[in-house]
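Structure first, then comments.
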Amino acid sequence: MKKILMKFLILSVLLSFVSVNIETVKAASYQTRINGSTNGSLNIYAGNTFTVTFSMTDASNVYGVEANLNYSSTYFELVKATNEFSGGDPLSVGSKVVVSTTSPKSGTFNFAKLTFKAKPAFLATTSPQAISLSNVFATYDKTKEAAGVGSRITVDVVVPKSSNNNLASLSVNGTSVTGFSATDTSYTLANTDATSITIAASASDSKASVSGTGTKSLAYGVNKFNIVVTAESGAKKTYTVTITRNDFRSTNNDLKSLTVEGYTVVFDKDKLTYTVIVDNAVTTVNVGAQAADDKASVTGTGAKTLKIYSNLINIVVTAENTSKKTYVINVVRRDAAGIAGDLSRDNKLKSLVIADYPFEFNPDTLEYTIDVENWIETVNVTVELSDSKASYLIANAEELIVGPNEILVKVYSESAEERIYKVTVNRMGDNPVVAIERIIALLPRIVAENIEITTKDPTSMTTEIWNQLVGTDKNYMFSVRNEFNETLYMWKFEGLMISQNEVMNFDVQFDSLERDEIRRLLDYRESILLNLAHSGEIPEGLTLSVNVSKMYKDDSILYLYYYDSESGKLVDEAVEFVVKEGYVEVDLDHASQYVLTPVKLSMFDNLGLILAGVVALLVLLLLIVLVSSSLKVKTLKRRLARKTESAA
């Protein structure tokens, strides 16, 4: 019995040791991490706000965590703390981190998240600073505590990567590109005959890289090359260099002649399809063609074997510049019965369009008329065939003369039947009228000496547009219109009389803050106020033409006055103007407020004197009447007195 008792006691002691060891192992098995690491690092930029997350691994049944929080308050400011335990109590943060929950956690989980802001003292030159947890204790199974392994993270300030992706220089063939600026990314060079160019470029920032430089082969025509600057941060900027290689190669891909031996072909270099019908006995034909240009080549000629009915033969002309034109001959071989197959007789157009000049087209209507402005030298004619087997020829679509121009569209059916559409284009001889938005593009094409430039915005005459007009041998009318497209006024000038960059503010208002005072000075007579927005002198050579047709008839006389705001008076410009075709033209040397009125200023100057004279005369007459009345009263009194004495 004693032996049994002894064995029981020994077993109890052993079990108690085992239990203690199990708890100790369980308590000591967890460790903390910061941002997923026991000893990690974090790079930030100066002044940044950053977050660190505290977690625990290999834990079991944890209800709370307490640990010392270590960081330098010289360099870091704690701005936010969050309990990551679900359903936990508020997080307590000071020199310690204390966090708890009513729902125990096991395994790997986050228990706190802290947000710090780097203080101004924490710079790239400052030594890396640590944020750590130490003396970590976890509460598990509600009441038991166990020490765990702390963790740390080292925070370092890094210098932000440069985003500078500008070029410092750009050159072609060793010469700096004219007008280069780091902010301008597109450059167009002068045309060249060279076969290649060498592009060189350097970045503003030594940490940036440049690609796209070096020797570049030039194709005929327009060539675009991209120079890409990649900043240290990866940001890219693309500069584009455009250069045109002159192409003096012939573009002539016309035929001079086209023949089918033994048959008549009515040839025209602009007609691309033809139909030839041969008998059933003809099994081959010999096709000949000659290029209009000796530098062009021709393929598709020679002997051709024919099958019954349609045989399409393509004659391809390749110009020196490699552009191609294809002429098609449809050789129709009759069958044994002499039938040439079902050849279409459709020679109608599906559509006929004159670019920018719409009109209603009907395939059965053969003649049309349109009017174009004087500055239009050519029109673009496009057609669509009703039958794909038909062909067409456009004739007389070259440069337009002033007056009527006939453009012919000849349509040929598969069976070679012809239909001719005629469009008469009347090129007007009057002054061309051009919207301000189109003047730069159209100016080189306008041959007329007088051009009216229209706008509804008087400030739309930019320096760029103005400088394009300078030096041109043309007369301009800058016409400002209202919403009903009626001209309010226009500024007239000659291209040879104006100077670069001297564009003025062309705005003229018909109202003013001083309008009431000006009307008072005019004794409220009818007038037109011209309030010029420009400041200072008006550039030489400009004349203002004002539409007065709604108030004054032609041949009416108007006077111009300048309002002197300092003296508050109207100053006579000593000029009278005659209304012609609804307009009055005035030459002004400085911008101010002006008045047009049919009343002469001298009348207003003498008005005060006249009124004063009238008043004085009335006063004099009144005095005479009063004196006369007084004398009459005295005389009457004397007479009454004498009568009274006589009666007595």
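The values are calculated or read from the model by the stated rules, or taken from the named source; none is laboratory data. Only a predicted model underlies this, so the values are computations on that prediction, with no experimental measurement involved. Reconstructed Cβ throughout: ideal geometry from the backbone, glycine too, with neighbour counts over all protein chains shown. Only protein heavy atoms, including side chains, enter the accessible area calculation; ligands, DNA and RNA are left aside. Shrake-Rupley method; radii C 1.70, N 1.55, O 1.52, S 1.80 Å.
Quick notes on this structure:
- Number of residues in the range 445-469 that are surrounded by fewer than 17 Cβ atoms within 10 Å (Cβ to Cβ) and either closer than 14 Å to P539 by Cβ or not hydrophobic (A, V, I, L, M, F, W, C) (or both): the value is 12.
- Checking each residue in the range 576-592 for being of a type outside the set (D, E) and either open to solvent by 60 Å² or more (accessible area, probe 1.4 Å) or not in a loop (DSSP other than H, G, I, E, B) (or both) picks out F577, V578, K580, Y583, V584, V586, H590.
- Flag for I227 being of a type outside the set (F, W, Y) and farther than 26 Å from P160 by Cβ: no
- Look at (1) surrounded by fewer than 17 Cβ atoms within 10 Å (Cβ to Cβ); (2) closer than 15 Å to S151 by Cβ; (3) modelled with pLDDT under 90 and you find that F111 fails only one, number (1).
- Restricting attention to the range 358-396 and to residues that are at pLDDT 90 or above, part of a loop (DSSP other than H, G, I, E, B) and more than 18 Å from V411 (Cα to Cα), the residue that is least open to solvent (accessible area, probe 1.4 Å) turns out to be V379.
- Qualifying positions in the range 525-566 - part of a strand (DSSP E or B), hydroxyl-bearing (S, T, Y) and over 25 Å from E494 (Cβ atoms): Y559, Y561, Y562, Y563
- Segments classed as strands (runs of 3 or more DSSP E), wholly inside the range 399-455, with at least 3 members that are in contact (Cβ under 8 Å) with a residue 24 or more places away in the chain: 403-412, 418-427, 450-455
- Criterion applied to E418, E406, E414 was being touching a Lys or Arg at 6+ places or on another chain (Cβ under 8 Å), surrounded by fewer than 14 Cβ atoms within 10 Å (Cβ to Cβ) and within 29 Å of V331 (Cα to Cα), and the one residue passing it is E418.
- Whichever residue in the range 35-84 is in a strand (DSSP E or B) and under 17 Å from L123 (Cβ atoms) and, among such residues, is most open to solvent (accessible area, probe 1.4 Å): N43
- Every pair of residues 6+ apart whose Cβ atoms lie under 9 Å, when the first sits in the range 558-572 and is in contact (Cβ under 8 Å) with a residue 60 or more places away in the chain while the second is in a loop (DSSP other than H, G, I, E, B) and surrounded by fewer than 16 Cβ atoms within 10 Å (Cβ to Cβ): none
- In the range 366-380, the residues that are among the acidic types (D, E) and touching an Asp or Glu at 6+ places or on another chain (Cβ under 9 Å): E373, E377
- Against the criterion of being open to solvent by 40 Å² or more (accessible area, probe 1.4 Å) and more than 18 Å from G150 (Cα to Cα), A118 does not qualify.
- Annotation note: Cβ proximity below 6 Å between a residue of the range 151-179 that is under 30 Å from N223 (Cβ atoms) and a residue that is polar (S, T, N, Q) (sequence gap 6+ or interchain) occurs for N164/S204; N166/S204; A168/S202; A168/S204; S169/S202; N173/T198.
- The test for being farther than 22 Å from V434 by Cα and open to solvent by 20 Å² or more (accessible area, probe 1.4 Å) holds for L513.
- Screening L522, L496 for residues that are at pLDDT below 95 and open to solvent by less than 40 Å² (accessible area, probe 1.4 Å) leaves exactly one candidate, L522.
- Total residues in the range 529-545, condition of a type in the set (A, V, I, L, M) and open to solvent by 20 Å² or more (accessible area, probe 1.4 Å): 1
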